[in-house]
Amino acid sequence: MEVFPVVQSIQPQTTVSLNKFEKFKAEKDGLAIKDELEYLAQIGWEAMDKTDLEHRLKWLGVFYRPVTPGKFMLRMRMPNGILTSEQMRVLGNIVQRYGDDGSADITTRQNLQLRGIRLEDIPDIFSRLKAVEMTSVQSGMDNVRNITGSPVAGLDQDELIDTRELVQKVQDMITNNGEGNYDFTNLPRKFNIAIEGGRDNSVHAEINDIAFVPAYKNGELGFNVVVGGFFSAKRCEAAIPLNVWVTPTVGAVVGLCHAILTVYREHGLRANRQKARLMWLIDEWGINKFRSEVEAELGYALATEAEKDAIDWEKRDHLGIFPQKQTGLNYVGLHIPVGRFSAQDMLDLARIAEVYGSGEIRLTVEQNVIIPNIAEDNLETFLGEPILEKFTINPKPLQRALISCTGAQFCNFALVETKNRAVALAKTLDETLDIPQTVRIHWTGCPNSCGQPQVADIGLMGTKVRKDGKTVEGVDLYMGGKVGKDAHLGTCVQKGIACDDLLPVLSKILIENFGAKPK
Ligand code: SRM
Ligand code: SF4
């Protein structure tokens, strides 16, 4: 595999006027805060420079939360959504010491975010993470986010490509094996990469800046590549074909990611932050010029894409018990309501993964957990574990497919409270309606769309509405998102519904569009 040299702080070649984010990045790279951490932990967050506190710490995955000052969020990296029980125990112990403030969330990128973290503890926390080969580096701001892959990679009987090594190697390249890599810490904006290996598009390929999608070419299995997918408050676009096909090898996949990121770093638009995601550059250049620049960076021509990709299944949610490709072993998908864990939940999951499985734990983009490698004979006792009452394998149809972003409890962008409201509403609807199918409801607290309402059957995006002369929490309603094969984005069908009026509105939609019947 090619070795990419690591350099100190890359500054973009640009003559355009810089927005305030570009200015502070040019003054000091976000990653430089790593070397100041011990000192910052000593002086405390109140004494910190405002830009370091609110922005640069995010280069290390440390997020100042204006909603809960002094209690930070730590966003991990979780390549392919896989962790060991030992790693989960370390994370559980980290949040446990914060009592009621300590919790964690599974994210829509198959990742974990820890809550309640104190800045003074960060140096110690980082040493503990390093001891179990985990990192949170470059997980926020103008960096590449957690790289997603099929949550059943290496387990799935019908898998096409096992993505685990590919995802890990792409992360290692981008982060310099978790130590931080100045090559890619000053991108024009955030960047998402996904590598699908199954037949059901488990990663939402269409909403990533780069996605690798399994495809046969002349009988050989490799990847078609799509680029430019993204959501933002200003614009949402599905990814478009780069018209290239690559072999499923570390060299080809890591090399292409490196080349695309380099082209984006050098040429991505930096004047207006609302127009800085990769798709805006592709718009400006056209896909052919973009591909030529990537090939020039690579130093060789890429093969043209296979005619059709191999995504021919509807998306699976993996909840329940499934035989693995390894004879006699099963993976079990547990439902974690809107992805929220207490410290004790994390420790309990680590224990059951060890006792009944191989210690491995997987996370899904649906904010759920999979415990793999459970032998047939152990299934019954596993299912009798008390934690499976809370994290069931067979939730009701609406709770089953419920997804929610962080919302007002911790996020200062939020226009509404999301997670608690999402759970309460789904429970009430599950109790009052017989619903013959799973209906995927996604909540997102503001137009940034972290909760991906555009991929949902029913998407709810937080907004403010006027009701009875008062401003109250409300949502814009999205419908028509299709996932899995032939995925496409849903659109806004109704604006400004007050949250207090949502129950009858959703009941009606479920009855008219999804075959629900009042109980
Ligand atoms: Fe997001 C910003 C949470 C997935 C689009 N997102 C934020 C911040 C960091 C804002 C902030 O500083 O408070 C939120 C942190 C709140 C908190 O305390 O948790 C936040 N985003 C999340 C998570 C945790 C939602 C969740 O509950 O799962 C997800 C973390 C993923 C991860 O592990 O890294 C998360 N965010 C997404 C996704 C979905 C995806 O990747 O599939 C999107 C849309 C896809 C995309 O990016 O193209 C998304 N987040 C945004 C945006 C809009 C980006 C843009 O180009 O404008 C912002 C705002 C920004 O970057 O300026 C944002
Ligand atoms: Fe925060 Fe908005 Fe993202 Fe929800 S969608 S986590 S409210 S930025």
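Out of the residues in segment 233-254 that are more than 21 Å from the chain's Cα centre (by Cα) and assigned to a loop (DSSP other than H, G, I, E, B), which is surrounded by the most Cβ atoms within 10 Å (Cβ to Cβ)? Selected residue: Pro248. A count restricted to segment 451-473 and to residues that are surrounded by fewer than 21 Cβ atoms within 10 Å (Cβ to Cβ) and either of a type in the set (A, V, I, L, M, F, W, C) or within 16 Å of ligand 1 (Cβ to nearest atom) (or both) stands at 3.
Checked against (1) under 19 Å from the mean Cα position of the chain (by Cα); (2) within 25 Å of Val213 (Cα to Cα); (3) free of Cβ contacts under 8 Å to residues at least 40 places away in the same chain, Ser449 meets all criteria but (3). Under the condition of being aliphatic (A, V, I, L, M) and surrounded by fewer than 23 Cβ atoms within 10 Å (Cβ to Cβ), the residues counted in segment 257-270 number 3.
Is it the case that some residue within segment 311-318 is over 24 Å from Ala487 (Cα atoms), out of contact with any helix residue (DSSP H, G or I) (no Cβ under 7 Å at 6 or more places or on another chain) and surrounded by fewer than 21 Cβ atoms within 10 Å (Cβ to Cβ)? Can you show your working first?
Step one: filter segment 311-318 for residues over 24 Å from Ala487 (Cα atoms), giving none.
Checked against the condition, which is being over 24 Å from Ala487 (Cα atoms), out of contact with any helix residue (DSSP H, G or I) (no Cβ under 7 Å at 6 or more places or on another chain) and surrounded by fewer than 21 Cβ atoms within 10 Å (Cβ to Cβ), segment 311-318 yields no hits at all.
Taking Val167 and the conditions (1) away from ligand 1 (no atom under 16 Å from the Cβ); (2) in a helix (DSSP H, G or I); (3) of a type in the set (Val, Ile, Thr), which numbered condition does it fall short on, given that it satisfies the others? Just one mismatch for Val167, condition (1). Determine, yes or no, whether Asn143 is outside the structural domain of Ser202 (by TED's automatic domain parsing) and of a type outside the set (D, E, K, R). For Asn143, the condition - outside the structural domain of Ser202 (by TED's automatic domain parsing) and of a type outside the set (D, E, K, R) - is not met. For segment 170-187, taking the residues that are surrounded by 24 or more Cβ atoms within 10 Å (Cβ to Cβ) and under 27 Å from Ile371 (Cα atoms), the one that is nearest to ligand 1 (Cβ to nearest atom) is identified as Gln171. Of the strands (runs of 3 or more DSSP E) lying entirely inside segment 341-419, those containing at least 2 residues that are within 16 Å of ligand 1 (Cβ to nearest atom) and in contact with a Lys or Arg (Cβ under 9 Å, 6 or more places away or on another chain) are 402-404. Among the residues of segment 79-102 satisfying the criterion of being without any contact (Cβ under 8 Å) to a residue 60 or more places away in the chain and of a type in the set (Val, Ile, Thr), which is farthest from Glu133 (Cα to Cα)? It comes out as Ile94. Looking only at segment 123-164, which residues are away from ligand 1 (no atom under 16 Å from the Cβ) and assigned to a helix (DSSP H, G or I)? Hits for segment 123-164 are Pro123, Asp124, Ile125, Phe126, Ser127, Arg128, Lys130, Ala131, Arg164. Residues in segment 53-78 that are touching a residue at least 24 places away in the same chain (Cβ under 8 Å) and surrounded by fewer than 19 Cβ atoms within 10 Å (Cβ to Cβ): Arg65, Pro66, Val67, Thr68, Pro69, Gly70, Lys71.
Could you please find all residues in segment 384-415 being within 16 Å of ligand 2 (Cβ to nearest atom) and over 18 Å from Thr364 (Cα atoms)?
Result: Gly407, Ala408, Gln409, Phe410, Cys411, Asn412, Phe413, Ala414, Leu415.
Does segment 421-432 include one or more residues that are within 16 Å of ligand 2 (Cβ to nearest atom) and surrounded by fewer than 19 Cβ atoms within 10 Å (Cβ to Cβ)? So that I can check it myself, show each step before the final result.
Of all residues in segment 421-432, those within 16 Å of ligand 2 (Cβ to nearest atom) come to 421-423.
Within this subset, residues satisfying the condition of being surrounded by fewer than 19 Cβ atoms within 10 Å (Cβ to Cβ) are 423.
So far as segment 421-432 goes, yes, one or more of its residues are within 16 Å of ligand 2 (Cβ to nearest atom) and surrounded by fewer than 19 Cβ atoms within 10 Å (Cβ to Cβ).
Residues are listed down the side, and each one gets a yes or a no for (1) of a type in the set (A, V, I, L, M, F, W, C); (2) closer than 18 Å to Arg340 by Cα:
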| site | (1), (2) |
| --- | --- |
| Val423 | yes, yes |
| Lys427 | no, yes |
| Leu433 | yes, no |
| Ile441 | yes, yes |
| Pro447 | no, no |
| Met461 | yes, no |
| Lys467 | no, no |
| Glu473 | no, no |
| Lys482 | no, no |
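Between Lys427, Lys482, Lys467, the distinction of being charged (D, E, K, R) and within 22 Å of the chain's Cα centre (by Cα) belongs to Lys482 only. Looking at segment 170-232, the strands (runs of 3 or more DSSP E) lying wholly inside it that each contain 2 or more residues that are more than 27 Å from Leu269 (Cβ to Cβ) sit at 210-217, 220-227. Summed over segment 244-273, the residues that are closer than 27 Å to Arg164 by Cβ and not aliphatic (A, V, I, L, M) give a count of 11. Of the candidates Ala233, Ala215, the single residue that is out of contact with any Phe, Trp or Tyr (no Cβ under 8 Å at 6 or more places or on another chain) and either closer than 28 Å to Gln367 by Cα or modelled with pLDDT of 95 or more (or both) is Ala233. Annotation note: Cβ proximity below 8 Å between a residue of segment 415-439 that is at pLDDT 95 or above and a residue that is of a type in the set (Ser, Thr, Tyr) and part of a helix (DSSP H, G or I) (sequence gap 6+ or interchain) occurs for Leu429/Ser507; Thr432/Ser507; Leu433/Ser507.
The values are calculated or read from the model by the stated rules, or taken from the named source; none is laboratory data. Since the structure is predicted, the reported quantities are computational estimates derived from the model, not experimental observations. Every residue, glycine as well, gets a Cβ built from its backbone with ideal geometry; the counts of neighbours run over all protein chains shown.
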